[in-house]
Each structure stands twice: as C-alpha cells, then as structure tokens.
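Scroll down for the structure; my scribbles are underneath it.
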Amino acid sequence: MEDAEFEDILDDWFIESLKTYKDLHVYQLEHPTQVLEWTSGKSVCVAGYSQSKNEILELRLPLKLLADENKSLCAERDFKVSHGGFTDGPVRCLTHIPGTRCAVTNDGLSSDLQVWDLGGEESDVIRRTGSIKGKRSASERGSRIAARPSSAPQVLHGAQISDVQLTELASGETLYKLETDSADPLSSLQFVSDTVFLAGCCNGSVYVADTRTSAPPQLSHSPSSDESVIWWTDAAAGPHPSSRRVIRVSSSGQAVVSDLRNLGGAGCQAQLDVQTPGRCSQVKVSWAPTLDDCISVSGFSGVVQIYNTCLWGAEPQEARPLFEHRGHAVSSQQTDDSVPTVVTSHIWHPERPRTLLSAASDGSVHVWDWVDPDRQGGSPTP
Amino acid sequence: MPEIKVTPLGAGQDVGRSCILVSIGGKNIMLDCGMHMGYNDDRRFPDFSYITQNGRLTDFLDCVIISHFHLDHCGALPYMSEMVGYDGPIYMTHPTKAICPILLEDFRKITVDKKGETNFFTSQMIKDCMKKVIPLNLHQTVQVDDELEIKAYYAGHVLGAAMVHIKVGSESVVYTGDYNMTPDRHLGAAWIDKCRPDILISESTYATTIRDSKRCRERDFLKKVHESIERGGKVLIPVFALGRAQELCILLETFWERMNLKAPIYFSTGLTEKANHYYKLFITWTNQKIRKTFVQRNMFEFKHIKAFDRSYADNPGPMVVFATPGMLHAGQSLQIFKKWAGNEKNMVIMPGYCVQGTIGHKILNGQRKLEMEGRATLDVKLQVEYMSFSAHADAKGIMQLIRMAEPRNMLLVHGEAVKMEFLKGKIEQEFSIDCYMPANGETTTVTTNPSVPVDISLNLLKREMALGGPLPDPKKPRTMHGTLIMKENSLKLVSSEQALKELGLNEHQLRFTCHVQLQDPHSDADTLHRIYTHLKSVLKGYTIQHLPDGTVIVESIVIKVSSSAEDSNTKVLLLSWSYQDEDLGSFLSSLLKKGLPSGIC
C-alpha cells in the first residue's frame, strides 16, 4: 500500500474516532502479546510468545486515562514499564493471583506452570520463583489457569477436562481434582464464586463443579454437534446469582447465551457478524464487567466487537455489533499483507464501564474508551 | 588501564536538568548545562564544586557542548560561563546558537522581572556567553585541540538538536541529549553510524516508558479544538515560534478541510515571521516534507489559517488563534488570554512546558484566580488543556539507538537504579555490554581497551608473511619481532635492521662465554664426541652438529673442549652463545656442569 494511501485511511478512521471514542491510546510493543491480565486497577501484564526467550512486562496505564478530576491538566499519555522479566519460552496464558504480587504462566507446550514474583518497590525485575507440575509433558494447547478469587493463593489449572486440579501455590499441594474421564481439551477455565468454577471445552461442552466436593461436575453438552467447530466460553461474574450467565462462541461465529444454573435451558442465540469464521485460534469472548448484557468478542480478525445480548432472541439470527474497534486492522504495522493482523486478546477495565485494552499480532496494544452509539448526541455519561 | 569517567552533576534523585562531566584521554568535557526548573534557589544550578571548589572553570574544562535549546539543557549556561567563569569554547549547532539566546532572555525576563529574583544572569551575560559559542555542522569533525575532536549527529526532537560524538585518540563517547527514533511532521528521526563508541550516554527518563502514538496525541488535540468550536467557544493556543506551531497548523488545516469547518483560524504575524525566518535559515534541519513545502511556498500559507489582527479577539463566535509567547508570560498570547479567560465555553491549549512564574505555569497547576497588574484578579473560567507533543525515544527507541551505534558500554543518567534493573538486564542480555546507571554526583569509571594503530613497514610485513603458517587470527596472536619507532604523531613498526639504519646505529652482537670443568679421562676429541652424543639424546628437536674442526654446534652455540694444563683428565669446555640463544646457552652450561653420564661412549 502506498504511504500516502495508508496515511489517508488512517486519517479517516482517526477522524471518525473523534466522535466514536472518548479516549484512545495506541502503543507499539517490541514484541506482540497474547496475554493481557490486570494486576491492579492501574496495571496490566503482557508477555511475548515467540519460540525462545520472551519478556513479561507489567505496564502502568497512562495517568491521563485514569485521572478523573484533573484530566485536562495531565499530559501523561504513555505506558510506564513498571516491572519486567525474561522467560525461556512462549507465554500463552498468564494469570494474576489476586491480593498478591504473584502471577502464574503456561507456555502452551505442556501443562506445567511457571510461578513469578512481579516485584515490588525495591526492584523492577519480575523473577521466576517456582513451578507447578501439570499432568501432561506435551500438550497442544497448553493449560488454562484460573486463580481462586479470595483466600490463600491457589490456582486451578489443566490442559484437558480430566486434568483439572486445584494447587496451593505455597506448598504445591493438590487440594482438589476434577473427577471425570473425558479428555476434551479446555478452552477456558474460571471461578464463578470462591469455590465454584466453570470449565469450557473446545468442543463446546461446559462443566460446572465445586472445589469443596468430590461430587461429579454438572455437564452441559455442546450446542453443536459439528466436531470441526471450536468453542470458547465466558461466565459473567455478576453480583447476583441471577445475573450469572454463560456465553459460548464458536469458530463459525455462533453465539449461545444461557443461565449458569440452567446451562442446557433456553437462553438466547445469535450469529455473530464475524469475518473469516473458521480461521481462528485465539478467540476471546468476555462479558462486560459493568455494562449489563454486553459482551465483547475478538480473535476472528483485527477487530474487537461489542454486542448487546438483550437484542438476541431464542432463534439464531444475524446480530449486528453495537460497536467495533477497528484500530488494529486499520493501523496495522505489518507489511506482509498475506498475514493479516489478528487481535490476540482483549480485556475490559474492571470499573470503568467502556474502557478496554486490546492487543494484536503486530505488537500493537490499544486502550480505548468507546462511546455508546445509542447515546451519542448527549454528553457522555461516565 | 585507560579509563573514561562520567559524572552527572547534581544531587540525589532530581531529574530536572542535564549537566554531565566526562573525562576522556586527559580531557574534561561538560555535556549540557541545564537549569532545574523546579527550584527557586541555587539548587537549580548544577553543582560545579565537583570540578573545582572555587574559582573559574576555564582551566578545568577543555570544552562545553550543548545538545539543544531546551532550558533544562542550556538554562544554566550564562550562569556557568559568566558568573562562575568559563572562557573556553562552547559548542552547539547553528540553530541552537540562534535560538538559545532568545529562550534564555525570555527566561531571564520572567525570573528577574516577574519574580523579582536577584542572583541571576543579566542580558549582557547572555550576550557575552554566546560570544564564546562555536557553531557545529552535522557530520563534520571539529578539532577542539590537537587531541580532542567532536562531531554532531541529527537527533530529531527539536530544531537543531544534536547527539554528539567525542573522540580522544582511540577512545570515544557518544552523548545523545534528547532524541527520538520516529520521525514526526516536521523533524526527522535521530541517526548515527556504527561508530562503536566506548560509551553511549543517554537519559533514562523515558527509557522505561512506551510512548503513545503521535496520532493519538493529535487526535486529542483535534477533539478538544473541535468540541470548543462546536459549542461556540474560542480556542487560544500559545506557542513558541519554533515549537510545534507549524505542525499544529498543518493538522488543523487538514482537519478543517476534511470536515468542511467554517470557524476562522488565525496566527499572530510575529509568530509566522520568526518561524519562517528560522526555518529558512535551518532548512536542512527539518524533514523532507517541510523542505518540499518550503520550496513550493511560504510555510505559513494556508487556506484556512489567516493572519491575526488584535481587533479580531473581540469578534463574536468560535475561532482558533495561535499566538506567541508560549508560556503566556507577556505579549499577544497573554492579551488574548485576559480577554477570553472569563468565558467557560473558551479553551486554552498549552502544548508545552511552562516555566515557574508564568501564567502558563500557574494555570497548568490548577490555579483558577490570577493576580494581574494593578491588583486586578482574573477569574479563570475557560477550559485549560495541557498537551505534550514533544518527541522522545522510549524503551524501544533506546534499543534501536544502541543497535545503530554499537557502543561497547551503555550509561544511563537520571534514573533510579532499582527502577531500571530490568532495562539494564535487557541491554546486557541483548547486546552483551555493560550498562551503568550512576546516581547524580556519582562517578562511573569505565575501563576501555583502546587499540593503538601502528603502521608496519612493508619489508617487515613481507618477512612475516614469508614465514608461512596460518593466516593471522585475532584470537591467536602471533609474536613478531620488530622495533617501534614513535616519531611526532606516528607509530611505525619496522625490522630491527631498518631501525638501526634509520637511527644511524651499528648493530652489536652480544656473545656470552663460559667455561665448564669436566672430569673425563678420554682424549679431547673423544670427550667432544661424548658430549655430542649426550646432547643429541637430551636435546631432541634441536640442530646439533659435530664439525670436523673440533666443535659441536647446538643451534648457534659453540662448544669446544680442551684439556687443563695441570691435569689431562680435567677437561675445560668452552661454551659460547649469542644473546639470542641466551636461554639455551644457560641451559647447556647447567646441563654440562652436571657431568656426562657414564654410559656414553
């Protein structure tokens, strides 16, 4: 693409962005990341995924974004690399242990986990402090990791559903094992309460279990019998049990929402407006932490989409996204047109309603606060 | 061991100013001489007591080099040269030389006239200081004296900013000043060749950041301007003639065109005259695009931006005005500000840092009531926006620069060591070089390993080549013999014969002789033969000959046997060797003193 042409498209999108975003920050990391994980309300961790040595970085969000009162007097727009460290292999999954300065990673090659100290005031180096042995020495997708929300540092992890175990970090002791024979590989793992967790398999089936009991898990079968399709899952961590919903998205763009306590029951569905369905391995689907009914999807292309699920019905119909962040696709730094930029990960800010971070395969990281198109025209409500 | 010493002047952790001392090859150089903008007392000046406790600095410094016109790099220069005292050369690029005095005078006015300070340099001092300045061109080597040479490289960042290469003999240092690695609308990116300095000195202030894109900063600017215009407000942008004014104008012009906006945009004529004047002078310092624009037309010829007239400030409706000076401390921008401050629909956008004592500084610190002349109070109701457009390299940029220059060591100033361990580790890992991070006032000593270039005579070279063997390998040095002649500034390696000839000396041979007594009943000839056999068995690999004239020769050592006059069984061996065979000769004499083994015949 001609430089002038490229600049033009950028200009159009940027000019459009004046109305469609409240805040927009665009960064270029030295190496792309597949992980974005909050370590506090103000900092995130990113890490490289090249075959050999990589960096883990803890980035503090720009002060201007976080400043609420004196925003206009703050000119600071940069990320601060507050801590950094080196890994020996790729980082495919990174989970922060709440209430600590500890993080756990997996390299996607086996189900072993590495434990890290993110560093404090006295040092800016992220150091490896230990490891946790997983069940599989070789694994195609690697393990999913979930940190127990409260109490002592414990991690739930596993590469496939039968491997899921809860390990205490300090002792390495296995406190719980999921009893099931199925060898379905996992695509997601998360706690929905302090002891209850949800494990989403690649084939679309979802297991719900309680770490306090050894009772067999609740199983909800895949919404589709098509075995070529991969599914990803996210459960909303709402304050009320009634708002605990689960969404499943497939590589063909099908989305199914159900209630956590009645996974097989009638929920709502939609066919997402995704390009190149089928060609994706890094799909991420996420419920918005503070916006009711909103979900975000990425990984199909260089776009992050936000949908309002309350518009969905019982029968799958084509859904239009409420908002699309096209920044990564539009300003891609990749010169090789045959390998388009793909969004590798995205996360919502835990408190700011419409603030998200997204990362793409070209090393870009964007921080954006979008304007709800339905509310445009009036003054933006925080 | 040869070494280079680097000391960032200043104390504790304060980051506000740059002033670095470098001692290299017996020369002392001061890099930048900045003012700390956060202090009101003497702490704002660098602490020169490190150089000398009292008295002038002229005898202690070989030169001073200023990287660019920002006050935290040149603000203390007149104080240093005129109040502390320095009469030696001060080097800076042409644009820096032209712009520095303007900024220094502005700064002086604000500090003395507005803040009423007394221990400060005067206008005359600024002039006297600038008389000591020797301007530099890019990529041109300048001989400061017989041994010290310096060269300036393009740094981007601001007009005239340079990175400087300092060389004494075969030791060198590169100081970056402030620089950026991504080009922007009116300046290019920093560039340096693979000069492989012993030390690359850089600021660490931005080394641990990841910069937000230029586009997003511009977006924020356009958004704020647009929002104000849409609600009928007026936008004041106080600018320094050579700062971002031109860039921001281009931005607004493009935006107005695209959005088909009608609100008027103005710039004060003083601004454009100055800017045009300087850009014309320093056209080689701006980037390609500006150069092309300039060749075609006047840089400030815009479709939507017109020259301002004082009376326009009272016109109703939305408008945007670019006016000088940049810190709202006087002149047109302050006048306009006073008129517009009372309306909350209006906005002032400060695109850069403001010095203490200026209105700009006060409003950026949140002050909403200002005391003006004659006790009048001004209520600041308009929106105040602080935006930073300055171009700095970040963590990625530093790595890029190191890759470009390939230094042997890295040195980062103005950072807290505990906050930079990761960066240090990263640099050490990726480039296998040491990374130093001295605190202010702390001296870092870097041992260098300079190579001494020597010319070798053709004859000597041919002789060594003729000896055959493997080609020279830097990892396996081969000993060669020659004589080093140091004449004037040249070093020459020649063969010994040639050296003697050149010096008009005769070569003398040194021969050692010793006598060894031996008890042996045989005849002289037989004893000699026995010695020959003995030596042949002991000294394998050496050339040993038994000559018919009655001598045994080992390499060049001559051995003769004769009988003692008193007793024919006492043999006297005469050993004679030249200086070159001293070791072997000594060994033989010790060996033969032990006598001959009985079994020999």
Got a number for carbon plus sulfur as a percent of the range B:511-594's accessible area, 1.4 Å probe? 52 percent
What full-extension length gain, to one decimal in nm, is calculated for A:Ser214 and A:Arg101 as 0.36 nm per residue of separation minus the Cα-Cα distance? 37.6 nm
What dipole magnitude, in Debye to the nearest 20, does the protein assembly as shown give about its Cα centre under +1 on Lys/Arg Cβ and -1 on Asp/Glu Cβ? 1560 debye
Let me know the whole percent of all Cα-Cα pairs from the protein assembly as shown that are separated by more than 36 Å. 63 percent
Contact-by-burial set, the range A:74-99, min loss 50 Å², accessible area of protein heavy atoms with 1.4 Å probe, reference chain alone, gives A:Ala75, A:Arg77, A:Asp78, A:Val81, A:Phe86
Around B:Cys19, which amide H atoms from residues at least 5 apart in sequence, or from another chain, sit under 5 Å from its own amide H, with H modelled in the peptide plane? B:Leu9, B:Gly34
Quick check: pseudo-label points 7 Å beyond the Cα along Cα→Cβ at B:Thr479 and A:Glu318, how many nm apart are they? 8.7 nm
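Of all GluC sites (Glu not before Pro) in the range B:527-601, which ones are in loop regions per DSSP and have a Cβ with at most 15 other Cβ atoms within 10 Å?
Loop-located and lightly packed - B:Glu566.
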Return, ordered by residue number, the residues of the range B:543-571 whose backbone nitrogen is under 11 Å from a label point located 7 Å along Cα→Cβ of B:Ser496. none
Filter the chymotrypsin sites (Phe, Trp or Tyr not before Pro) in the range B:480-561 down to the DSSP loop ones having no more than 13 other Cβ atoms within 10 Å, then list what survives. B:Tyr542
On average, how many beta carbons from a partner chain sit within 10 Å of the beta carbon of a residue in B:357-369? 1
Between B:Ala376 and A:Ser150, what is the label-point separation in nm under the 7 Å Cα-to-beta-carbon projection? 6.2 nm
Which loop-located trypsin sites (Lys or Arg not before Pro) does the range B:517-601 contain, where loop means any DSSP state but H, G, I, E or B and the Cβ has at most 13 other Cβ atoms within 10 Å? B:Lys540, B:Lys594
Please state the charge dipole magnitude for chain B, taken about the Cα centre, from unit charges on C-beta atoms (+1 on K and R, -1 on D and E), reported in debye and rounded to the nearest 20. 2840 debye
With unit charges on the beta carbon (Lys/Arg positive, Asp/Glu negative), name the residue among A:Ala147, A:Ser110, A:Tyr49 whose Cα is farthest towards the positive pole of the charge dipole of chain A. A:Ala147
Residues of the range B:200-223 that bury at least 50 Å² of accessible area, probe 1.4 Å, when all protein chains are present rather than the chain alone, are B:Thr208, B:Ile210, B:Asp212, B:Arg215, B:Cys216, B:Arg219, B:Lys223
The farthest towards the positive end of the charge dipole of the protein assembly as shown, of the residues A:Ser250, A:Thr290, B:Met420, given +1 on Cβ of Lys and Arg and -1 on Cβ of Asp and Glu, is A:Thr290
To the nearest 100 Å², how much accessible surface do chains A and B hide from each other in total, with a 1.4 Å probe? 3600 Å²
What percentage of the solvent-accessible surface of the range B:455-503, computed with a 1.4 Å probe over protein heavy atoms, is contributed by carbon and sulfur atoms? 60 percent
Peptide B:304-311 - average C-beta neighbours from other chains (10 Å radius): 0
Area of A:Trp116 that stays accessible when all protein chains are in place (1.4 Å probe, Å², to 10): 10 Å²
Per residue, in Å², the accessible surface of the range B:455-503 once ligands and nucleic acids are set aside, probe 1.4 Å: 86 Å²
When the label point is put 7 Å from the Cα of B:Asp113 along its Cα-to-beta-carbon vector, which residues of the range B:304-327 have a backbone N closer than 17 Å? B:324-327
Could you report the accessible area of A:Cys280 in Å², rounded to 10, computed with a 1.4 Å probe on the protein chains as they sit in the structure? 20 Å²
How far is it, in nm, from the label point at A:Asp259 to the one at A:Ser228 when both lie 7 Å from their Cα along the line to the Cβ? 3.6 nm
For the range B:558-566, take each phi angle, set θ = phi - 60°, evaluate the Karplus expression 6.51 cos²θ - 1.76 cosθ + 1.60, and give the result in whole Hz per residue in order, putting x for glycine and proline. 9, 10, 10, 10, 9, 8, 6, 5, 6
What is the distance in Å between the Cα centroid of the range A:271-330 and that of the range B:226-268? 37 Å
Can you tell which of B:Gln335, A:Ser162, A:Cys310 lies farthest toward the positive end of the dipole of the protein assembly as shown, using +1 and -1 charges on the Cβ of basic and acidic side chains (Lys, Arg; Asp, Glu)? B:Gln335
Rounded accessible area per residue of the range B:214-386, 1.4 Å, Å²: 43 Å²
Tell me, how many Å apart are the Cα centres for the range A:144-207 and for the range B:401-464? 49 Å
To the nearest 0.05, what FRET efficiency results for A:Leu63 and A:Val196 with a Förster distance of 56 Å applied to their C-beta separation? 0.90
About its Cα centre, the range B:511-594 carries a charge dipole, from +1 on Lys and Arg Cβ atoms and -1 on Asp and Glu Cβ atoms, whose size in debye to the nearest 20 is 220 debye
For the range A:40-68 the residues that are at least 10 Å² less accessible with all protein chains than alone, 1.4 Å probe, are A:Lys53, A:Glu55, A:Leu57, A:Lys64
Which angle between 0 and 90 degrees, to the nearest 10, do you get for helix B:94-108 versus the longest principal axis of chain B when only C-alpha atoms count? 50 degrees
What percentage of the solvent-accessible surface of chain A, computed with a 1.4 Å probe over protein heavy atoms, is contributed by carbon and sulfur atoms? 48 percent
A:Cys310, B:Cys435, ranked by accessible area, largest first (probe 1.4 Å): A:Cys310, B:Cys435
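The values are calculated or read from the model by the stated rules, or taken from the named source; none is laboratory data. All values derive from a computational prediction rather than experimental measurement. Note: ideal-geometry Cβ built from the backbone for every residue, glycine included; neighbour counts use all protein chains shown. We work out accessible area using only protein heavy atoms, side chains counted, and drop any ligands, DNA or RNA first. Shrake-Rupley method; radii C 1.70, N 1.55, O 1.52, S 1.80 Å.
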